[in-house]
1. Please enumerate the residues belonging to region A:330-350 that are more than 14 Å from chain B (Cβ to nearest Cβ) and acidic (Asp, Glu).
2. Is it the case that some residue within region B:121-131 is under 25 Å from A:Lys72 (Cβ atoms) and out of contact with any Gly (no Cβ under 7 Å at 6 or more places or on another chain)?
3. Restricting attention to region A:463-476, which residues are assigned to a loop (DSSP other than H, G, I, E, B) and surrounded by fewer than 18 Cβ atoms within 10 Å (Cβ to Cβ)?
4. In the set B:Ile452, B:Ile460, which member is touching a residue at least 12 places away in the same chain (Cβ under 8 Å) and either assigned to a helix (DSSP H, G or I) or among the acidic types (Asp, Glu) (or both)?
5. So which residues in region B:118-144 are in a strand (DSSP E or B) and surrounded by fewer than 21 Cβ atoms within 10 Å (Cβ to Cβ), if there are any at all?
6. Can you find even one residue in region B:213-230 that is surrounded by 19 or more Cβ atoms within 10 Å (Cβ to Cβ), of a type in the set (Gly, Ala, Ser), more than 13 Å from chain A (Cβ to nearest Cβ) and assigned to a helix (DSSP H, G or I)?
7. Output the qualifying pairs, or none if there are none: Cβ atoms under 7 angstrom, residues six or more apart or on different chains, first residue in region A:138-153 and over 22 Å from A:Val91 (Cα atoms), second residue among the aromatic types (Phe, Trp, Tyr) and part of a helix (DSSP H, G or I).
8. Kindly indicate whether A:Arg32 is at pLDDT below 95 and in the same structural domain as A:His174 (by TED's automatic domain parsing).
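The values are calculated or read from the model by the stated rules, or taken from the named source; none is laboratory data. Nothing here was measured: the structure is a model prediction, and the numbers come from that model. Because the Cβ atoms are built from the backbone with ideal geometry, glycine has one as well, and the counts that use them run over all protein chains shown.
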Protein chains: 2
Amino acid sequence: MAKFLTNRDENYAQWYNDLVIKADLAENSAVRGCMVIKPYGYAIWEKIQAELDRMFKATGHVNAYFPLFIPKSFFSREAAHVEGFAKECAVVTHYRLKTDETGKGVVVDPEAKLEEELIIRPTSETIIWNSYKNWIQSYRDLPILINQWANVVRWEMRTRLFLRTAEFLWQEGHTAHATREEAVEETERMINVYSEFAENFMALPVYKGYKTASERFAGALDTYTIEALMQDGKSLQAGTSHFLGQNFAKAFDVQFTDRNGRLEYVWATSWGLSTRMVGALIMAHSDNHGLILPPKLAPLQVVIVPIYKSADELSSISEKAEALKAELERSGLSVKYDNRETNKPGWKFADYELKGVPVRIAIGPRDLKNGTAEIARRDTLAKETVPMESIINRIHELLNQIQKNIFERALRFRNDNTFRLDKWSDFVEVLNSSGGFISAHWDETAETEEKIKEETKATIRCIPFDSAAEEGKCIYSGKPSGRRVLFARSY
Amino acid sequence: MAKFLTNRDENYAQWYNDLVIKADLAENSAVRGCMVIKPYGYAIWEKIQAELDRMFKATGHVNAYFPLFIPKSFFSREAAHVEGFAKECAVVTHYRLKTDETGKGVVVDPEAKLEEELIIRPTSETIIWNSYKNWIQSYRDLPILINQWANVVRWEMRTRLFLRTAEFLWQEGHTAHATREEAVEETERMINVYSEFAENFMALPVYKGYKTASERFAGALDTYTIEALMQDGKSLQAGTSHFLGQNFAKAFDVQFTDRNGRLEYVWATSWGLSTRMVGALIMAHSDNHGLILPPKLAPLQVVIVPIYKSADELSSISEKAEALKAELERSGLSVKYDNRETNKPGWKFADYELKGVPVRIAIGPRDLKNGTAEIARRDTLAKETVPMESIINRIHELLNQIQKNIFERALRFRNDNTFRLDKWSDFVEVLNSSGGFISAHWDETAETEEKIKEETKATIRCIPFDSAAEEGKCIYSGKPSGRRVLFARSY
């Protein structure tokens, strides 16, 4: 199994692609740029969904569903939004097919042309604010705290499984507030939900901060982001939360009567996180043996493999294994007992390593005699023999340790690869060798930002929330700067 | 509140529409035929999803996700399928917009025309079987038991909220099997899952049976259906399960090596249930006061309303109410304490009746003194005063009774409106007065079926699985018939 993976250190991009395919997470479909998310990959997404949905509801949000289609004219309403979004997208122009002349195929019916073309949503601010207009009259109707789980389409030219696909799955929160302060607070609350989710569940340490003006969401006054470091030294934007000010309220004329009887425009936020996160999960933790999944998001947490020669041995082992499986399941874990006779234990070991199952238990004749089992942890591949009496506790302990260990390993890697630099030659040198985050001074001009991008492909990933005031000189222009920002090449 | 509902007995269609809007379940959007599912309506769908998903997983299925887009040519591969499906659908022809001449609007970029048009999935058999082709080589790769939660689009000309919309949400199961028997068994298993769900959770009694050839899914050898009676005497097809034979395997060339080393085509099923079920839920149980929701699917099961004159009274009541809410929640129920001072108790009572909350608790000063509370059940509107000591048990008992009662009420209505008829004049008479199901003999010709439809708008809803062999004469043609089938007008 694993031997068919490209070596991670030789070709990271190919290793990633091999892993997605061989671990049965996803594959390309017959439609350019669209992927099929296979059951194992989708099971990870379901785990992500369940945790996030719980966190959204705990912070007062409810789910709803808005149309897939957006009338073309809606995009022109918010000037910055149309500039940033409406270009590369799927356009529906007709609503009927008809049988062709041969009688065997179908063609688009030219009679069935839409008066106004419909765009497949690349994001839903416009169609949602067009609805909110009818929902909001008074401050009593506010806040509106809605999330939507949906598919969206952005016609990307260069696609990669999970990381960048024409269609992807995501959640998009769209909230409406009576005051600027409340909307800003919501924007912050949601970037914190994302970072908490990333760190506690994905085991993914993130930098939190502001996007620069040129990296902001189209139509936002402010975009907050969480940025995570992948093993090849590139950053991945893992979730964003936008303070939209009154831009969409003005574009769709959404006003309300405030407590003082005055008519005001509504304040907005939006925030989203997508199936891209599955890509981040893979890239951040996995190795040359395959996936390493954090126990809290692993679809299968424990696998039990019997080691046997005879049918008698298998039968005795199976008895122990089934009882153990039942007990582990009662304790809240997802467990599989793999007693397939078609594959040898070694093949199974490699396969579950490829799939990233956090803990593997092997039971052989000697274990039966000694009342023990062999446990292997996926993150370090370390093995230990434990007595059956204490195995349940040990497995839970181990799962916690694995969750903690892969977070700490990723954190160490991230910290070791965050460089505080002041010289342009060092900046270029680091990008061309290890990659990673570079904390450097910047003169706050879009011009410098653009030049750095042109010369090095690095962008400002964020201005960290905790970036302290510090006198310095821009690493590129030498002009004065008041604080450091984080640069990196990115996905 | 409720007084703004059209009277159910005067205009059922308008009553339904009023109810969907006023109970805040859904509304029409700016896009023709597409609805916005509002938070309260979506919460019901989430409950439906959670139960069905659990049932699918318990029967061995896993979830996955396939592309929204289907290449146009895929539809032509299966002849019956293209005939039945590919006509009224949304067609994507372009993938880019550009700024128009004024610089303010956008137009479709004529340069960005797709070589082959993409259809928004009306159902996913074709794109899924095109994927299965690569997944299946040997009998060891079978069965594949996959479900997908997705949005689909069928360009309906006349739409109604939940019941018939251009875009709707659903689940679609697509399974692949090594033998005909196994596929037939799966088709049956899933119609049974649907009927169990309908009866136990939706409180909706259903007739289970086969569709006639002319009512079958496009491409199926057999379609099983569950049919439920709405209060206006029309039937609603609530879920279908299709035995697809080898049709899609042949269309997409999906063969496997069986246990004997022979190359065979794979056997298929598909089955789906949609947001239409929310419409069925509303239509089957609700009344002139508003929604009646089965407790097992009600987003909010219990509401507590304080009855008070002074702030002091409110404060004493709130103390009791908050404690009661916490205890009810600990016992597994979803509960709201509505202490809003902006609305009077009578207004709140009417509002929660409109929203179909199964149990309402009112606590006033007299209750405080007596250690009691007043409970009202939504299904019968009956009230009772209960001592606080026994209230938790009583509420659970009541929720079970309500679930049971609305099922039995619907069953009684369905049975009272199922007519065993042998004369054509009675057939016409019943359809024009009460409506309902008509169990009658049919000569098994598509011609008779079509004529009955033309003359009465009634169709054969199903040939019930339990329809016994019985000599008779077709109610329309008088020709011999071997068993009765069920006719009705339908949604």
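1. The answer is A:Asp338, and nothing else.
2. Yes; the residues of region B:121-131 include at least one that is under 25 Å from A:Lys72 (Cβ atoms) and out of contact with any Gly (no Cβ under 7 Å at 6 or more places or on another chain).
3. Hits for region A:463-476 are A:Phe465, A:Asp466, A:Ser467, A:Ala468, A:Ala469, A:Glu470, A:Glu471.
4. Every option except B:Ile452 fails the conditions.
5. B:Ser138, B:Ile144
6. no
7. Short answer, once both residue conditions are applied: A:Asp141/A:Trp135; A:Ile144/A:Tyr132; A:Ile144/A:Trp135; A:Asn147/A:Phe56.
8. In short, yes.
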